[in-house]
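First comes the structure, then the notes that go with it.
Derivation of every value follows stated rules applied to the coordinates shown; laboratory data play no part. Given the structure is predicted, the values throughout are model-derived calculations rather than measurements. Here the Cβ positions follow ideal geometry from the backbone for every residue, glycine too, while neighbour counts run over all protein chains shown.
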Amino acid sequence: MPLYSYECEDCHAECELLVRGSDTPVCPSCGSEKLQQRVAKICVEIKYPAIAKSWRKAAAAEGELSNFSKQEIQAKPKG
């Protein structure tokens, strides 16, 4: 399921939703189906290994797969 960014036309709330092809997305704030798809923000490269490590640990604790490699976690910050 792809992740899409939306803005609600009724309450102007912004949200990101996982949407299957046959599903109609609904605003989590007001329940409206009048959502305008937006360009999703792209995550920049994580420059702080401690942050990446904490995200990976949290994902593992919740049973989720993480997209961080061991090299990213063990990398030392430059500078």
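Distant-in-sequence amide contacts of ARG38, defined by a placed amide H-H separation under 5 Å and a gap of 5 or more residues or a different chain, comprise SER5, TYR6, GLU7. Using θ = phi - 60° in the Karplus curve 6.51 cos²θ - 1.76 cosθ + 1.60, the 3J(HN,Hα) couplings for the range 11-24 round to 10, 6, 6, 9, 8, 10, 10, 7, 10, 7, x, 8, 7, 9 Hz; x is entered for Gly and Pro. Each Lys or Arg adds one and each Asp or Glu subtracts one; over the other residues with Cβ under 13 Å from the Cβ of GLN36, this totals -3.
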